[in-house]
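A.B. asks: The structure that follows is given in the form of structure tokens.
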Amino acid sequence: MMTVKLQIVIGLAILVVFMILVNMIRRRSLELKYALSWMTVLCVLFVFDCAPGLLIVVSDFLGIYAPVNMIFFLGFCFSLVIIFSLTVALSRLSNSVRTLDQTAALNEKRLQELEQELKTEREKQKKG
């Protein structure tokens, strides 16, 4: 069982991290959609910090031998969710970059064609 002093320290650490996340969202250095999962984890940790008996109840309900093992299991699951969401975001960004690259190449080709047409017209005007 955790001591009250440890609960207070963990609770304060969670609140500090939460304030840092909010500040990063406010300064637009972190998008809300990515911060929501972290905020959810912080809220769950805060609930378990405020009511440590709840951790024992939940671990018993899930059939996990020790509450600390449940924390590791939840951390592993959370890591998988984060990795999956980052993979999806990376895939979307990769597609966007490919589309932008293709658009830029088409625009460059069109610009070269227009420059060639302009050059041809100037040459015709000089001759005629």
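The values are calculated or read from the model by the stated rules, or taken from the named source; none is laboratory data. Computed from a predicted structure; not experimentally measured. Cβ: placed from backbone, ideal geometry, glycine included. Neighbour counts: every protein chain shown. Accessible surface is based on the protein model in full, side chains and every heavy atom, while ligands, DNA and RNA are left aside. Shrake-Rupley method; radii C 1.70, N 1.55, O 1.52, S 1.80 Å.
A.B. asks: Kindly provide the set of residues from region 1-12 that are under 19 Å from Val68 (Cα atoms), surrounded by 10 or more Cβ atoms within 10 Å (Cβ to Cβ) and not polar (S, T, N, Q), ordered by number.
C.D. replies: Listed by number, the residues that qualify are Met2, Leu6, Ile8, Val9, Ile10, Gly11.
A.B. asks: Let me ask you something else. Across region 16-44, what is the total count of residues that are open to solvent by less than 80 Å² (accessible area, probe 1.4 Å) and either in contact (Cβ under 8 Å) with a residue 40 or more places away in the chain or hydrophobic (A, V, I, L, M, F, W, C) (or both)?
C.D. replies: Qualifying residue count for the region: 16.
Conditions tested, residue by residue: (1) of a type in the set (Lys, Arg); (2) within 23 Å of Lys5 (Cα to Cα); (3) in contact with a helix residue (DSSP H, G or I) (Cβ under 9 Å, 6 or more places away or on another chain); (4) not in a helix (DSSP H, G or I).
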site	(1), (2), (3), (4)
Leu30	no, no, yes, yes
Leu45	no, yes, yes, no
Gly53	no, yes, no, no
Tyr65	no, no, yes, yes
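A.B. asks: Pick from region 74-94 the residues that are open to solvent by 70 Å² or more (accessible area, probe 1.4 Å) and either modelled with pLDDT of 90 or more or among the acidic types (Asp, Glu) (or both): which of them is farthest from the chain's Cα centre (by Cα)?
C.D. replies: Phe76
A.B. asks: Follow-up. Can you find a residue that is part of a helix (DSSP H, G or I) and within 23 Å of the chain's Cα centre (by Cα) anywhere in region 1-10?
C.D. replies: no
A.B. asks: Select from region 13-35 the residues that are over 26 Å from Val68 (Cβ atoms) and small (Gly, Ala, Ser) and write down the one among them that is modelled with the lowest pLDDT.
C.D. replies: By that ranking, first place goes to Ala35.
A.B. asks: When you check Val81 against the structure, is it part of a helix (DSSP H, G or I), closer than 28 Å to Ser37 by Cα and touching a residue at least 40 places away in the same chain (Cβ under 8 Å), yes or no?
C.D. replies: The answer is yes for Val81.
A.B. asks: Could you figure out which of (1) hydroxyl-bearing (Ser, Thr, Tyr); (2) loosely packed, with under 12 Cβ neighbours inside 10 Å; (3) more than 18 Å from Tyr34 (Cα to Cα) isn't true of Ser59?
C.D. replies: Result: Ser59 passes all but (2).
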